[in-house]
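Report on one structure; see the data block that follows.
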Amino acid sequence: MSMRSECRQPFRVAFVAAVMGLALAACGKSDTGADTQINRDATVTVASGKTVKALETFRDCANCPELVVIPPGKFAMGSPKGETGRAADEDPLHTVTFAKPFALGKFEVTRGEYAEFVAKTGQHPGEGCYFFDGTKLVADPARNWEKPGYTQTDRDPVVCLNMQEMDAYVKWLSTTTGASYRLPSEAEWEFAARGGTKTARPWGDAIGKGTANCDGCGTPFDAKGTSPAGTFAANGFGLHDVLGNVWERVFDCYQQNYNLTPTDGLPAVTGDCTQRVTRGGAWLSDAPDVRIALRNWDLAGNRKYTLGFRVARSF
């Protein structure tokens, strides 16, 4: 049962511009492979004043999402021509460079975390959420983030939110902590999702069994609904569920390919910004489609029971 058909289009929000000169001269000990460098010696200072090293975790407040410090470095974004299942919108393979660290949620934002926001602010998202009826996507006005149409716990990723509602949550985190929270860029998402690897998936090229929550992944959750955060093993950067579970919104606007995008990790903000990029696949995605490089898009105003998000934080 594939969800690629829900809005799949050949588009590219690429990162191909000027900061190739931002070399990693400041890097200490680095892992170097073809097109990949990671500075694992990098450190950041968090809201508490504590120094946190690259790949370590922290929280800015008791109820804030747990974050992982993603190290600076560079990587090859997209997919090589020989990758099984490769789509035209994963081209061209290009180098993206991150001059400094950023942080990304260790998990997708959970229902419990979002419920805290609703309780503290009184901001209730709108009603109505798309679901798949076996043939097509259908809008159900009775569904919402608390009633997506399948059973969830507070540790499951929150779904049935549109981009504006996700943005309200990250703005609340910023106001609460004094830190800069936001949705990640597409390049940040892929760099972190790869976790230092160059294979189709963080654990290798083959999908395997029991590695993620998708349709055909060989788990009790397949094609039934979301799974609690941390159910499956983390990738090399310590992030969980970068593939499967829910599609994750990123900030980037629709573009047709990677030909005109920045190479410094910033989001693409030109093109048709009614369409925003989503990454990672979901519990209803066919197993072969669950690859790091695979890209999708969705209207910024849509709420779906397969669509969630992960927060990013700047330093």
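A few notes on this one:
- J(HN,Hα) series, segment 227-243, from Karplus relation 6.51 cos²θ - 1.76 cosθ + 1.60, nearest Hz, glycine and proline x: 10, x, 4, x, 5, 10, 4, 6, 7, x, 9, x, 9, 9, 6, 5, 10
- Vicinal HN-Hα couplings computed from phi for segment 69-75 (Karplus, 6.51 cos²θ - 1.76 cosθ + 1.60; Hz; Gly/Pro x): 6, 8, x, x, x, 8, 7
- Summing +1 for each Lys or Arg and -1 for each Asp or Glu among the other residues whose beta-carbon sits under 10 angstrom from that of residue 161 gives +1.
- log₁₀ of I(q)/I(0) at q = 0.08 Å⁻¹ - the chain, Debye sum with one point per alpha carbon: -0.32
- Whole-Å distance, taken between Cα centres, linking segment 263-315 and segment 150-176: 15 Å
- For segment 168-315, the residue among 229, 179, 282 whose Cα projects farthest onto the positive side of the dipole built from Cβ charges is 179.
- Between the residues 109, 44, 210, the greatest Cα displacement towards the positive end of the dipole of segment 4-314, with unit charges on the Cβ of Lys, Arg, Asp and Glu, is found for 44.
- Less than 5 angstrom separates the built amide H of residue 143 from those of 128, 129, all sequence-distant by 5 or more or on a different chain.
- Of interest is the spacing of the C-alpha centroids, which for segment 99-122 and segment 45-64 amounts to 14 Å.
- Modelled this way, with points 7 Å down the Cα-to-C-beta line, the labels at residue 224 and residue 314 are 4.3 nm from one another.
- Remark: 189, 203 ranked as 203, 189, counting other beta-carbon atoms within 10 Å and listing the fewest first.
- Computed extension length for residue 164-residue 121: 14.0 nm, one decimal, from 0.36 nm per residue of separation with the Cα-Cα distance subtracted.
- A simple charge model with +1 on the Cβ of Lys and Arg, -1 on the Cβ of Asp and Glu and nothing else charged puts the dipole of the chain at about 440 debye relative to its Cα centre.
- Scanning residues 5 or more positions from residue 70 or on other chains, those with amide H under 5 Å from its amide H are 55, 102, 103, 104, with H placed 1.01 Å from N in the peptide plane.
- In this Cβ point-charge picture (+1 for Lys and Arg, -1 for Asp and Glu), segment 266-315 has a dipole of about 220 debye about its Cα centre.
- For residue 94, nonlocal amide neighbours, meaning residues 5 or more places apart or on other chains whose placed amide H falls under 5 Å from its own, are 77.
- 3J(HN,Hα) couplings calculated from phi for segment 290-302 with the Karplus curve 6.51 cos²θ - 1.76 cosθ + 1.60 (θ = phi - 60°) are, in sequence order, 7, 10, 4, 6, 5, 10, 9, 9, 7, 4, 4, x, 6 Hz; Gly and Pro show x.
- Ranked by how many other beta carbons lie within 10 Å on average, peptides 160-171, 143-154 from highest: 160-171, 143-154
Read-outs: derived from the displayed coordinates by stated rules, not from any lab. The structure presented is a predicted model; accordingly, all values stated were derived computationally and were not measured. Quick reminder, even Gly has a Cβ in these numbers, built from the backbone with ideal geometry, and neighbours come from all protein chains shown.
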